[in-house]
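Visitor: Below are the structure tokens for one structure; questions will follow.
The values are calculated or read from the model by the stated rules, or taken from the named source; none is laboratory data. Treat the numbers as computed from the prediction; the structure is a model and nothing was measured. FYI the Cβ positions are ideal-geometry reconstructions off the backbone, even for glycines, and counts take in every protein chain you see. With ligands, DNA and RNA removed, areas are computed over all heavy atoms of the protein, side chains included. Shrake-Rupley method; radii C 1.70, N 1.55, O 1.52, S 1.80 Å.
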Amino acid sequence: MVAATRAAADLLTALGVDTHTEDTERTPERMARALADLTTPPPFTMTTFPAQGYQEMVVVNQIPFTSVCEHHLLPFQGTACVAYIPAERVVGLSKIPRLVEFCARRPQVQERMTTQIRDLLAQHLAPDGIGVLVRAEHTCMSARGVRALGATTVTRAFQGQLDNDHLTRAEFLAQAGAGS
Ligand SMILES: [Zn+2]
């Protein structure tokens, strides 16, 4: 953290931010720690269990996340809806929000985050179908640049039955509140 703190101090100084007041003398260190937190994926393991005959869609909705866009290193925040149709196994339910966090806490773009969630779920669970819908507000678009405060970006990724079957996909999108 020493090198990151020094670099943060250099950046703030270059930007004309005073880091020598009582309030800001530890700002470079706090800034370095905050950025490290946002850009370091937490440890993650997928725990799965036998499906035991359950064959319907499992939907985990309104999963909150914070990520940082890799173009501006500014946060984007929102919610993810993740669904799958079990084949042989189901996943421990808390692992779905953990998977979202694992994909979010790194320099990201929303499109890639969406497909990463799908691909990791496919790799570890091999279900019959996957649907992922991510809805986020990007501060690089709301706090700067075009200043489109409140504009949300929606991205989706599908696999298997949710990719092929229109009715199943429509059911997922209704659950995810895609129309709202
Ligand atoms: Zn950006």
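Visitor: Between ALA174, ALA178, ALA170, which is in a loop (DSSP other than H, G, I, E, B) and either hydrophobic (A, V, I, L, M, F, W, C) or in contact (Cβ under 8 Å) with a residue 40 or more places away in the chain (or both)? Explain how you work it out, then say what you get.
Guide: On the way: ALA174 fails: in a loop (DSSP other than H, G, I, E, B); ALA170 fails: in a loop (DSSP other than H, G, I, E, B).
Selected residue: ALA178, the only one of ALA174, ALA178, ALA170 that is in a loop (DSSP other than H, G, I, E, B) and either hydrophobic (A, V, I, L, M, F, W, C) or in contact (Cβ under 8 Å) with a residue 40 or more places away in the chain (or both).
Visitor: OK, next. How about region 124-168: which of its residues are at pLDDT 95 or above, open to solvent by 70 Å² or more (accessible area, probe 1.4 Å) and among the basic types (Lys, Arg)?
Guide: ARG156
Visitor: Turning to a different aspect of this structure: Would you confirm, using the coordinates I've provided, whether VAL100 is part of a strand (DSSP E or B) and not aromatic (Phe, Trp, Tyr)? Steps first, answer last, please.
Guide: Working: part of a strand (DSSP E or B): no; not aromatic (Phe, Trp, Tyr): yes.
Considered against the rule, which asks whether it is part of a strand (DSSP E or B) and not aromatic (Phe, Trp, Tyr), VAL100 comes out as no.
Visitor: Any chance region 81-96 includes a residue that's open to solvent by 30 Å² or more (accessible area, probe 1.4 Å), of a type outside the set (D, E, K, R) and in contact with an Asp or Glu (Cβ under 9 Å, 6 or more places away or on another chain)?
Guide: So far as region 81-96 goes, yes, one or more of its residues are open to solvent by 30 Å² or more (accessible area, probe 1.4 Å), of a type outside the set (D, E, K, R) and in contact with an Asp or Glu (Cβ under 9 Å, 6 or more places away or on another chain).
The rows are residues; the columns are (1) in the same structural domain as ASN164 (by TED's automatic domain parsing); (2) in a helix (DSSP H, G or I); (3) touching a Ser or Thr at 6+ places or on another chain (Cβ under 6 Å); (4) within 16 Å of the ligand (Cβ to nearest atom).
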| position | (1), (2), (3), (4) |
| --- | --- |
| ALA8 | no, yes, no, no |
| LEU12 | no, yes, yes, no |
| THR21 | no, no, no, no |
| ARG33 | no, yes, no, no |
| HIS71 | yes, no, no, yes |
| THR79 | yes, no, no, no |
| VAL90 | yes, no, no, no |
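Visitor: Could you check, for region 136-147, whether at least one of its residues is of a type outside the set (D, E, K, R), touching a residue at least 40 places away in the same chain (Cβ under 8 Å), assigned to a loop (DSSP other than H, G, I, E, B) and within 16 Å of the ligand (Cβ to nearest atom)?
Guide: Step one: filter region 136-147 for residues of a type outside the set (D, E, K, R), giving 136, 138-143, 145-146.
Now drop any that are not touching a residue at least 40 places away in the same chain (Cβ under 8 Å), which leaves 136, 138-140, 143.
From what's left, assigned to a loop (DSSP other than H, G, I, E, B): 143.
Still in the running and within 16 Å of the ligand (Cβ to nearest atom): 143.
Within region 136-147, one or more residues are of a type outside the set (D, E, K, R), touching a residue at least 40 places away in the same chain (Cβ under 8 Å), assigned to a loop (DSSP other than H, G, I, E, B) and within 16 Å of the ligand (Cβ to nearest atom).
Visitor: Which condition does GLN123 not pass, out of (1) touching a residue at least 24 places away in the same chain (Cβ under 8 Å); (2) more than 10 Å from the chain's Cα centre (by Cα); (3) farther than 18 Å from PRO42 by Cα, if it passes all the others?
Guide: Just one mismatch for GLN123, condition (1).
Visitor: Follow-up question, since we're still on this one. Can you tell me which of GLU111, GLU171, GLU101 is modelled with pLDDT of 95 or more, within 16 Å of the ligand (Cβ to nearest atom), of a type in the set (Asp, Glu) and open to solvent by 40 Å² or more (accessible area, probe 1.4 Å)? Talk me through it step by step, then tell me what you get.
Guide: Numbers: GLU171 fails: within 16 Å of the ligand (Cβ to nearest atom); GLU101 fails: within 16 Å of the ligand (Cβ to nearest atom).
Just a single option satisfies the conditions, and that option is GLU111.
Visitor: While we're on this one: Report whether or not GLN116 is within 16 Å of the ligand (Cβ to nearest atom), in the same structural domain as LEU133 (by TED's automatic domain parsing) and not hydrophobic (A, V, I, L, M, F, W, C). Let's see the steps before the verdict.
Guide: On the way: within 16 Å of the ligand (Cβ to nearest atom): no; in the same structural domain as LEU133 (by TED's automatic domain parsing): yes; not hydrophobic (A, V, I, L, M, F, W, C): yes.
So GLN116 does not fit the description; no.
Visitor: Taking only region 1-54 into account, find how many residues are loosely packed, with under 13 Cβ neighbours inside 10 Å and in contact (Cβ under 8 Å) with a residue 60 or more places away in the chain.
Guide: Number of matching residues: 4.
Visitor: Is it fair to say VAL60 is among the hydrophobic types (A, V, I, L, M, F, W, C), surrounded by 12 or more Cβ atoms within 10 Å (Cβ to Cβ) and within 16 Å of the ligand (Cβ to nearest atom)?
Guide: It is false that VAL60 is among the hydrophobic types (A, V, I, L, M, F, W, C), surrounded by 12 or more Cβ atoms within 10 Å (Cβ to Cβ) and within 16 Å of the ligand (Cβ to nearest atom).
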